[in-house]
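Below: one structure, written as structure tokens.
The values are calculated or read from the model by the stated rules, or taken from the named source; none is laboratory data. Model, not experiment: these values are computed from the prediction. Here Cβ is always computed from backbone atoms with ideal geometry, including for glycine, and neighbour counts include all displayed protein chains. Surface areas here come from the heavy atoms of the whole protein model, side chains and all, with no ligands, DNA or RNA. Shrake-Rupley method; radii C 1.70, N 1.55, O 1.52, S 1.80 Å.
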Amino acid sequence: MVILTAAAIGAAGYGVYKGGQAAVQKGKELATEHERGQKRREQSSELNTKASSRQERIAKLNSLRTMEPTASLSSSSSSDSASSESQRQKNVVASFRARQEATKSERGLKGLLKRGGK
């Protein structure tokens, strides 16, 4: 009887040991999955902000494209308005190019920061 009790206690201990191992493994899997989910949510929100800013930039480009040719044709009625309109167009194009250059340099700085300045 003592032997059976000892065997039962040993079997129960072994079961608890194996159950503990399984619980630890499952806990690690759940923690990893939670971390991945958080990272996915962060990336998703970043992707959404980038997509909206990209749509805004595309809309600005399209408005500049449609504005330039038609404005020069419609303002040809008087020389004063034509020169002021062409000057305005030049200013718009110059500011657009300046923003492009600023964006390029900003991207370059971000790339350097990501690479650690190498």
- Where Ile58 falls short, out of the listed (1) under 30 Å from Ala98 (Cβ atoms); (2) open to solvent by 100 Å² or more (accessible area, probe 1.4 Å); (3) of a type in the set (A, V, I, L, M): (2)
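With respect to Gly37, determine if the residue is open to solvent by less than 60 Å² (accessible area, probe 1.4 Å), modelled with pLDDT of 85 or more and in a helix (DSSP H, G or I). Talk me through it step by step, then tell me what you get.
On the way: open to solvent by less than 60 Å² (accessible area, probe 1.4 Å): yes; modelled with pLDDT of 85 or more: yes; in a helix (DSSP H, G or I): yes.
Yes; evaluated as a whole, the condition is true for this residue.
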- Of all residues in the stretch 1-10, how many are part of a helix (DSSP H, G or I) and surrounded by fewer than 10 Cβ atoms within 10 Å (Cβ to Cβ)? 4
- Members of the stretch 89-118 found to be farther than 21 Å from Ile58 by Cα and either at pLDDT 80 or above or of a type in the set (A, V, I, L, M, F, W, C) (or both), listed by number: Leu109, Leu112, Leu113
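Please find, within the stretch 61-87, the residue that is modelled with the highest pLDDT out of those that are open to solvent by 100 Å² or more (accessible area, probe 1.4 Å) and among the charged types (D, E, K, R). First the steps, then the outcome.
Start the filter on the stretch 61-87 by keeping residues that are open to solvent by 100 Å² or more (accessible area, probe 1.4 Å), which leaves 65, 73, 77, 80.
From what's left, among the charged types (D, E, K, R): 65, 80.
Values: Arg65: 84, Asp80: 60.
That would be Arg65.
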